Every structure is written in C-alpha cells, then in structure tokens.
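**Student:** Here it is, the structure in full.
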Amino acid sequence: MTDAIAEIDDEFTASIQEEIDALSENSDADVIEVLFSGDMEDENSSVSNWVDVLGVYSVYATTAEDASEVVTVTPENIKKLRKVFYDMNSFSVTTETETVEETEVDEYGSVVLDENGEPVTHSVTTLYINVEVISKDYQEGANLYAFDESQREMLYEIMLPDYYPMFAELCGDVVGDGGEYGFGLDINPDLPPNELGAQIVEAAKKYIGRSYSSMDCSKLARTAYSDCGLTSMNGLSSVYMAKKCEEMGVLFTDPSQLQAGDLIFFARYDPSRGSDYCGDTGRCGSGKCKRWMHIHHVAIYINDEFLIDSTGGKNSVQIRKHWGIDTAKWKWVCFGRPTT
C-alpha cells in the first residue's frame, strides 16, 4: 500500500511538472517563477490529504461481504485508491507576465551610466506560472460519494487519533506529540462548552499530532470549522479565508475582541529584504510578496494565552502560547469569526 501511495503521488506531481515544463519551454520570458497556492507548498511537496484519501478509500472499498478486502493490495483495490485520490485532488495552472524596467549596476553595486550620464536600464519580463492544488478532506469525500449514515460512522471512527500511527506508517510520515503541551486536553478549562467558539477549539484539538504534510494550517482551520457544521471556509487557503471573512463582514483587526474559535491571520515578512518581501519563494517567487495583506498562515485562537495551529516539523498540529503577534518575520494582521 505504501508503494501504491508513492506511485499515485508521483503521478500527480509529475502531471503538474509536465504542464510547468511545457509552459516554460514555450516562453521567451527572461525569468520564470513557479508559484503554488492551495494545498501544495511547491513542486517538491505532496498533497496534504493522503490521510483523508485513505480514510475515504477504506469505506469506499469495503464490501458488506468481506470488510477485510480493503487491506488487501490487489490491482482492483489500487484502481479504487487511485480513483478516490483523483476525485479528492485536482489542480489548475494559469499564467501571467510582468515586465519591469531595471537599472543596471556594476560588480561593485554602482549604477551604470550611459554616455549622457543617465542610468542604463533594461526590460525584464517575468512569466509567473500559478499552480493551485485543491484537496478535499474526508468529510467532503463522504459527501462526494454520498456515504450513508453507517458509512459515515465507519469513516469518523477511522479518522480518530487512534489511527494516526497506522496512517503515518502507510504514508511514510510521522505522528507529532503535540509539542510542549502534549495533547492539551486541559488547556481551555475556562471556555463554556456550549459556545460555538469552544466547540471549534475542541474540534481542532482532535487533530493534535497530525503531521503538517497531512494537515497544514488552513486545513486544520477549515476542518475544525466543518466539524462544527460551518462550511464557509471549505476549500480555502489562509489568504482566501481572510478575504472570505472580509466578504462576509466578519473580518476585524482589534485583537482585544478575539474570542475562542476565532481565526488569527498571520502576515509573513523577510526582514533582510524589507516589508514588501515575504521570503516564501514557493508561493510568491523571489520578488515582492503577492499575497493579500502578506497573509501566509492561520491559527485558531483559544484564549488570551494559547492558540492551536499547524506549522510543520515533528510536532505538527499543536497547542502553543501566542507567537508572532508583532515580530520582524510574522505579525497578526487581522482576525475572522465566520459563523456559517
């Protein structure tokens, strides 16, 4: 099964690379930048929903006659796994070009002047190849296949934290330990259990330990919201979540108004290059940041001390003390409270 996962994943990334290569070969641009958005960071990464795919596949491939068939690696089951994967993952590629006038400098960094004493400039055309990968989570997969109540119960059981180690082994991944605060079950004792925000926090805490590669920051947020019956964030990355909140009229900038379950949107900067740059070459290229309000990360607010997010590394989804409120590299720029 692990080999099948790797083969299907390689097929998917190879198909993206084929389109990138074709566009690059047919372009006469001076510079080519490949920018990723959605559910893949760059051409060297994988989709972020393999755990969800395997969960949905487990239910989809199970027969009433023999439930054990799902764990048997046969050509027919690999065919089913491939179908589920491609039903739950898609990508689109678009392009745009930008031409700017650049001033020439010599090897010492001094501006080169022409015979009239004017700065020498030349045109530089950049082709931006924008790759957007959309990956459905297990709930969207259940809706896609119209799972009945018993199938959904089976799926929700499979997606419990008890099965994280099994999925991690299949995917060649790791299971985090929740970081400094472990699974953080007592982190939010002051939150009333009947409030929607507290329910969102509790939903997010179910995913502590999920690796970043199987649940990035935006997927954590939209899955926790979806678990609570809120669908407005479905399919959106962090920056589009913020824009959606603005569209819904629930975006705000005063941190003193934060409540449990609110979304915290982080701007990212590159201190070595100035406030116009973010340093995320996989999503913005080597030039100026192309994201609205420089947003590159989202977390869920717990209380005046803690938040829950996914930022990569071995700990992955975890509860942490507030970070990046106003630093050189990160800054809280706005917040959202969607209720639909």
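The values are calculated or read from the model by the stated rules, or taken from the named source; none is laboratory data. Model, not experiment: these values are computed from the prediction. Don't worry about glycine lacking a Cβ; one is built from the backbone with ideal geometry, like all the others, and counts go over all protein chains shown. We work out accessible area using only protein heavy atoms, side chains counted, and drop any ligands, DNA or RNA first. Shrake-Rupley method; radii C 1.70, N 1.55, O 1.52, S 1.80 Å.
**Student:** Going residue by residue through the stretch 214-225, is there one that turns out to be touching a residue at least 12 places away in the same chain (Cβ under 8 Å), within 19 Å of I308 (Cβ to Cβ) and surrounded by fewer than 20 Cβ atoms within 10 Å (Cβ to Cβ)?
**Tutor:** No, there is no match, as no residue in the stretch 214-225 is touching a residue at least 12 places away in the same chain (Cβ under 8 Å), within 19 Å of I308 (Cβ to Cβ) and surrounded by fewer than 20 Cβ atoms within 10 Å (Cβ to Cβ).
**Student:** Considering only the stretch 266-278, state which residues are part of a loop (DSSP other than H, G, I, E, B), touching a residue at least 24 places away in the same chain (Cβ under 8 Å) and buried (at least 16 other Cβ atoms within 10 Å of the Cβ).
**Tutor:** Across the stretch 266-278, the qualifying residue is only Y269.
**Student:** For the stretch 59-72, name all the residues that are open to solvent by 80 Å² or more (accessible area, probe 1.4 Å) and either modelled with pLDDT of 55 or more or touching a Gly at 6+ places or on another chain (Cβ under 7 Å) (or both).
**Tutor:** Matches in the stretch 59-72: V71 only.
**Student:** S232: more than 15 Å from Y207 (Cβ to Cβ), in contact with a His (Cβ under 9 Å, 6 or more places away or on another chain) and touching a residue at least 24 places away in the same chain (Cβ under 8 Å), yes or no?
**Tutor:** Judged against the criteria, S232 is not a match.
Here is a yes/no grid of residues against (1) in contact with a helix residue (DSSP H, G or I) (Cβ under 6 Å, 6 or more places away or on another chain); (2) hydroxyl-bearing (S, T, Y); (3) in contact (Cβ under 8 Å) with a residue 12 or more places away in the chain; (4) open to solvent by 40 Å² or more (accessible area, probe 1.4 Å):
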position	(1), (2), (3), (4)
Y128	no, yes, yes, no
E132	no, no, yes, yes
K136	yes, no, yes, yes
A142	yes, no, yes, no
F147	no, no, yes, no
M154	yes, no, yes, yes
P161	no, no, yes, yes
M166	no, no, no, yes
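**Student:** I'm trying to understand the selection: among the residues of the stretch 281-330, which are of a type in the set (S, T, Y) and either modelled with pLDDT of 90 or more or surrounded by 14 or more Cβ atoms within 10 Å (Cβ to Cβ) (or both)?
**Tutor:** Once the filter is applied, which keeps residues that are of a type in the set (S, T, Y) and either modelled with pLDDT of 90 or more or surrounded by 14 or more Cβ atoms within 10 Å (Cβ to Cβ) (or both), the stretch 281-330 yields T281, Y301, S310, T311, S316, T327.
**Student:** So which residues in the stretch 224-266 are β-branched (V, I, T) and touching a Phe, Trp or Tyr at 6+ places or on another chain (Cβ under 8 Å)?
**Tutor:** Correct list: T231, V239, T253, I264.
**Student:** Regarding the stretch 192-201, can at least one residue be identified that is without any contact (Cβ under 8 Å) to a residue 40 or more places away in the chain and in contact with a Lys or Arg (Cβ under 7 Å, 6 or more places away or on another chain)?
**Tutor:** Scanning the stretch 192-201 turns up no residue that is without any contact (Cβ under 8 Å) to a residue 40 or more places away in the chain and in contact with a Lys or Arg (Cβ under 7 Å, 6 or more places away or on another chain).
**Student:** Still on this structure, please answer the following. Filter the stretch 15-48 down to residues that are among the charged types (D, E, K, R) and assigned to a loop (DSSP other than H, G, I, E, B) and give me whichever is least open to solvent (accessible area, probe 1.4 Å).
**Tutor:** The selected residue is D39.
**Student:** Which members of the stretch 3-14 meet the condition of being in contact with a helix residue (DSSP H, G or I) (Cβ under 7 Å, 6 or more places away or on another chain) and open to solvent by 60 Å² or more (accessible area, probe 1.4 Å)?
**Tutor:** Listed by number, the list is empty, since nothing qualifies.
**Student:** Which one of these does N303 not meet: (1) in a loop (DSSP other than H, G, I, E, B); (2) in contact with a Phe, Trp or Tyr (Cβ under 6 Å, 6 or more places away or on another chain); (3) not aromatic (F, W, Y)?
**Tutor:** N303 satisfies every listed condition except (2).
**Student:** If you check F12 against the conditions, is it in a helix (DSSP H, G or I) and not charged (D, E, K, R)?
**Tutor:** Here the answer is yes, as F12 does meet what is asked.
**Student:** Quick check, is A260 aliphatic (A, V, I, L, M), over 17 Å from the mean Cα position of the chain (by Cα) and not in a helix (DSSP H, G or I)?
**Tutor:** Considered against the rule, which asks whether it is aliphatic (A, V, I, L, M), over 17 Å from the mean Cα position of the chain (by Cα) and not in a helix (DSSP H, G or I), A260 comes out as yes.
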